[in-house]
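Chemist: Quick one: the structure is below, questions incoming.
Only the coordinates and a few stated rules stand behind these numbers; no lab work does. Given the structure is predicted, the values throughout are model-derived calculations rather than measurements. Glycine also receives a Cβ, built like all others from the backbone with ideal geometry; neighbour counts cover every protein chain displayed.
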Amino acid sequence: MDNLMEEENPEMKLRIQSRLGVCEVCANSNAKYTCPACEVKTCSLPCTKIHKIELDCSGIRNKVLFKPLKKLGDMDLHSDYSLLEETNRSLEVISKRYKSFSYISHGEKERCNKLINEAASRNVRLQLLPTKFTKHKKNSTYLNWKSNELFWMVQWVFPEADNFTAFDNRVKDTTTLIEAVSKYIVEDKASEDVREKLSIYHKLGQEIKILFKAEKLPGDKFFLMNPQKSISDNLMHKIVVEYPVFHVILGDNVGKYEFVHLVSKKKENKNLLMNSEEEMEA
C-alpha cells in the first residue's frame, strides 16, 4: 500500500525521503519510522527490531525528556498534559488504597487505645500496626476491662531448633516467664510434637536463657530476661510491637548475642540504653 501511495504521489515520496533520510540500520532503503525513544530512523519492522536489540532500546518515548522551549510543539504540550493527568490519576489511586489500608473502625480504635494505655500504665510502650498487617490481625492480646487484667499473646522462638516458633494466645501478664515457657522446655509438660522438635532443649543439664529483641536499635540487640519475674516486670520500659516475642536459647550460646541494658539516669529522669561492654566499663 505504501508503494502504491509512493507511485501515485511522487512528491510525497521525495518529501519523506528528504525528511527522514536513509534507514540507519540497513542503509538500503528510505526511512519510514522514527523511534520515539532514541530517534533512530528505520525502514521496516525487522530493522526496528534490530535497532532495539543492538541499542538496548525500549522503543518507548521518554515522557520527561527535556526539550528547550523554542523546540516545543503542539504534540509535546499535549504529551505533557497527558502525563500530568496520568500522574494525578495514579496519586488518586494510591490515596484511596492508603485510606482503605489504614482505615480503623471506631470500636477497634477504642480497643487499641485502651490496650496501649493499659500497657503504658505498666510502663510498657505498646505499638500497634495498621489493621491490615498480618501481625495485627493475628494479635490476640486481651484486656479485661473490668479487672484491668492484661493477657498477652506471646510468641516463642527457639533458635537452636531451626527457629521453631510457637504461639500462646492469652498469657496473663503476672505469669512468670519460666512458668509460661515450661510447656515447651520441660519435657514432661511438652506435647509429643514439641518434644520431638525441641529435643535439644530437653537434654539433661541444659540451661536456657530468654531474650527479648530491643526495638528501634540498629542491628540485632537483645535484652536478657529474668525468667523468675513476671512477663509484666520483664517488659517494663521496653517497646513491644503488637505482642512480645521471646527468643529461648541455650545458655552455652549466650555469647553469640549482643545485649543492651536499661540504665536509670536520675538527673534526667529517664531510661537510657547501654550495651553490656559500656555497663561493665561504668
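Chemist: Picking from V157, N139, N226, whose Cα lies most toward the positive end of the charge dipole for the range 107-281 (charges on Cβ: Lys, Arg +1; Asp, Glu -1)?
Modeler: In the range 107-281, that residue is N139.
Chemist: Okay, next question. Restricting to DSSP loop positions (anything but H, G, I, E, B) with no more than 15 other Cβ atoms inside 10 Å of their own Cβ, which trypsin sites (Lys or Arg not before Pro) remain in the range 130-178?
Modeler: K132, K146
Chemist: If you average the alpha carbon positions of the range 23-86 and of the range 138-194, how far apart do those two centres end up, in angstrom?
Modeler: Going from one Cα centre to the other spans 63 Å.
Chemist: Now a separate question. Cα-Cα over 28 Å: which of K96/K216; K135/K229; K67/K96?
Modeler: Long pairs (Cα-Cα over 28 Å): K96/K216; K67/K96.
Chemist: From the phi angles alone, apply the Karplus equation (6.51, -1.76, 1.60; θ = phi - 60°) to the range 217-229 and give each ³J(HN,Hα) in whole Hz, x where the residue is Gly or Pro.
Modeler: Working through the residues one at a time gives 10, x, x, 9, 10, 10, 9, 8, 7, 9, x, 7, 9 Hz.
Chemist: Where does each of 76-85, 214-223, 152-161, 32-41 land if you order them by average Cβ count within 10 Å, highest first?
Modeler: 152-161, 32-41, 214-223, 76-85
Chemist: Would you kindly derive the ³J(HN,Hα) couplings of the range 159-172 from the backbone phi angles with the Karplus curve 6.51 cos²θ - 1.76 cosθ + 1.60 (θ = phi - 60°), listing them in order in whole Hz, with x for Gly and Pro?
Modeler: Calculated HN-Hα couplings, in order: x, 6, 10, 6, 6, 3, 10, 9, 10, 10, 5, 9, 10, 4 Hz.
Chemist: If you don't mind, another one. Give me the net charge of I178's neighbourhood, meaning all other residues with Cβ under 13 Å from the Cβ of I178; Lys, Arg count +1, Asp, Glu -1.
Modeler: Within the 13 Å Cβ shell, the charges total +1.
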